[in-house]
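Student: Got a structure here, written out as structure tokens. Questions coming.
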């Protein structure tokens, strides 16, 4: 197990300090599955940012209580720090589910997808398991509200409402490993628990999110985007243990940031894989959405001609699996946004993505990856090591950013 005393490496930045490195992570509420066996804990980036903020302001984020009402459908979570988060599942809640909600008490709310799985067993998005998704959302909102109450002079909070999304961003500027770093934790949540819709993930400059990013200096500095703990079939088939994973597209993203993450991890003896030819910016999501729609349409046509009960059950079970799993790969982002920032939500020129790969054996056991404290320790060590390397080559990173950066507005 990796051990890191993050409290010794973090402090509040001096007033007026200018950040030179960005660190962004999100909770894609309900984004557990994707195409062809892809499955993840997509709240890891959020948990990592919160862990760094807690190193400076030790907020007690354990769930103190969960209140729910089968009449109104409201789920309200409260942390020991007094933070409150609320979400309302589209199809309401049952008294039996309310009994299960109490499993969340005592759990660290910043591990919000893990908490949802611990509470109700598993999680599917796309409106399939709305209660699990809303448990995750309520936990994440309670975390943000805890900082709002406990550290109001040092954190910046902005609600980012677009479409049916009720996103929230939480940011602050710290000194991490001797470097001034601006941090942003993003919660992407669709009302009713029917998401994911993650147009505002990563360091995408979307709508009102741009305001807080500009306030924190995150709109124009090299950044590390912290992403999920995932089983990705194309990368994980032959893995025997967990690996950190750095990804960019060398033609569009920031090679200097990516190399700093790789070099920092290797210096610390951490297992690291990388792909500098990932995240192509093209019309792939638009094409995949069309192909997915055609697959659903074909099932609908077959169902319209089905006669036997067995055939109808089989066809609808395929449809349910598509909706609960593969659909997450097309709902999570708008085609036009994806064409610019890719699946990691990385604004061109600005940064690189850090995530974690898990072996098939872990998914066969857990079904859906969940973040453990030991994983968080590895992430934090890799982040700090990456910052330490990156701060030695910031001019090169800024040059790449300026050469590759482009400006887009999706709102």
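No lab work stands behind these numbers, since they all come straight from the coordinates. Note that the structure is predicted; figures quoted are calculated from it, not measured. FYI the Cβ positions are ideal-geometry reconstructions off the backbone, even for glycines, and counts take in every protein chain you see.
Student: Taking Rh as the Kirkwood radius computed over C-alpha pairs, what is the Stokes-Einstein D of region 303-411 at 25 °C in a medium of viscosity 0.890 mPa s, expressed in µm² per second? Intermediate values should be presented prior to the final figure.
Tutor: Working: Rh = 18.6 Å.
Answer, rounded: 132 µm²/s.
Student: Give the Rg/Rh ratio for region 172-293, taking Rg as the radius of gyration of the Cα atoms and Rh as the Kirkwood radius, to two decimals. Numbers along the way, then the final one.
Tutor: Details: Rg = 16.8 Å, Rh = 17.1 Å.
My calculation puts Rg/Rh at 0.98.
Student: Using only Cα atoms, find the angle between the long axis of helix 309-321 and the longest principal axis of the chain, and express it within 0 to 90 degrees, rounded to the nearest 10.
Tutor: Approximately 10 degrees, to the nearest ten.
Student: Report the gain in length on full extension from residue 322 to residue 90: 0.36 nm times residue separation, minus Cα-Cα distance, nm rounded to one decimal. Let's see the in-between values first.
Tutor: Values: separation 232, 0.36 × 232 = 83.52 nm, distance 2.01 nm.
Contour length minus Cα-Cα distance gives 81.5 nm.
Student: May I pose another question? Cα centroids of region 135-168 and region 303-317: how far apart, whole angstrom?
Tutor: Their Cα centres are 44 Å away from one another.
Student: Separate question: Give the label of the value calculated from the structure for Rg and Dmax of the Cα atoms in Å, choosing from (1) 20.5, 71; (2) 22.1, 73; (3) 20.9, 77.
Tutor: (1)
Student: Using the 2.2 N^0.38 Å rule of thumb for compact globular proteins, work out how region 87-237 stacks up: its C-alpha Rg over that value, please. Intermediate results must be reported in sequence, preceding the final value.
Tutor: Details: Rg = 16.6 Å, N = 151, 2.2 N^0.38 = 14.8 Å.
Relative to the 2.2 N^0.38 Å estimate, region 87-237 comes out at 1.12.
Student: Follow-up. Rounded to a whole number, what is D in µm²/s for region 220-375 from Stokes-Einstein with the Kirkwood radius over alpha-carbon pairs (4 °C, 1.567 mPa s)?
Tutor: Using the Kirkwood radius from Cα pairs, D works out to 73 µm²/s.
Student: May I have the pair-distance distribution P(r) for region 8-70, computed from all Cα-Cα distances with 5 Å bins from 0 and rounded to whole percent?
Tutor: Using 5 Å bins, I get a P(r) of 4, 12, 14, 18, 17, 13, 11, 7, 3, 1 for region 8-70.
Student: How do 365, 379, 189, 107 rank when sorted from fewest to most other Cβ atoms within 10 Å of their own Cβ? Mind dumping the intermediate values first?
Tutor: Working: 365 7, 379 26, 189 29, 107 20.
With the sparsest Cβ surroundings first, the list reads 365, 107, 379, 189.
Student: To the nearest Å, what is the center-to-center distance of region 353-382 and region 169-205, using C-alpha atoms only?
Tutor: First find each Cα centre; the distance between them is then 20 Å.
Student: First measure r as the distance between the Cβ atoms of residue 307 and residue 72, then evaluate 1/(1 + (r/R0)^6) with R0 = 41 Å and state the FRET efficiency to the nearest 0.05.
Tutor: 0.40
Student: Ordered by packing density, taken as the mean number of other Cβ atoms within 10 Å over each peptide's residues, highest first, how do 299-312, 193-206, 138-151 rank? Show your work: numbers first, answer last.
Tutor: Numbers: 299-312: 11.1, 193-206: 26.6, 138-151: 24.7.
With the highest mean Cβ count within 10 Å placed first, the list reads 193-206, 138-151, 299-312.
Student: Using Cβ contacts closer than 10 Å as the measure, can you line up 63, 157, 252 from fewest to most? Each step should come with its number before you reach the end.
Tutor: On the way: 63 25, 157 16, 252 19.
Placing the least packed residue first, the sequence is 157, 252, 63.
Student: Further, regarding this structure: Helix 394-404: angle to the longest alpha-carbon principal axis of the chain, degrees 0 to 90, nearest 10?
Tutor: Once rounded, the angle reads 50 degrees.
Student: If the chain between residue 374 and residue 290 were fully stretched, how many nm would it gain, using 0.36 nm times the residue separation less the Cα-Cα distance? Before the final figure, lay out the partial values.
Tutor: Values: separation 84, 0.36 × 84 = 30.24 nm, distance 3.99 nm.
In short, 26.3 nm is gained.
Student: Here's a follow-up. Could you work out how much longer the chain between residue 393 and residue 36 gets when fully extended? Use 0.36 nm per residue separation minus the Cα distance between them, nm to one decimal. Spell out each step's value before the answer.
Tutor: On the way: separation 357, 0.36 × 357 = 128.52 nm, distance 3.87 nm.
Difference between extended and current length: 124.7 nm.
Student: Give me the distance between the Cα centres of region 233-280 and region 2-55, rounded to whole Å.
Tutor: 17 Å
Student: What ranking of 11, 57 emerges when the number of other C-beta atoms within 10 Å of each C-beta is taken as an exposure proxy, fewest first?
Tutor: Details: 11 13, 57 16.
Neighbour counts put them in this order, fewest first: 11, 57.
Student: Is it possible to state the helix-based mean residue ellipticity at 222 nm for the chain, with each DSSP H run of 4+ residues giving -39500 (n - 2.57), the sum divided by total residues, to the nearest 500 deg cm²/dmol? What is it? Don't jump to the answer; show the numbers that get you there.
Tutor: Numbers: 14 runs with 155 residues, N = 411.
After summing the helix terms and dividing by residue count, I get -11500 deg cm²/dmol.
Student: What is the distance, in nm, between label points placed 7 Å from the Cα along the Cα-to-Cβ direction at residue 8 and at residue 57?
Tutor: 2.5 nm
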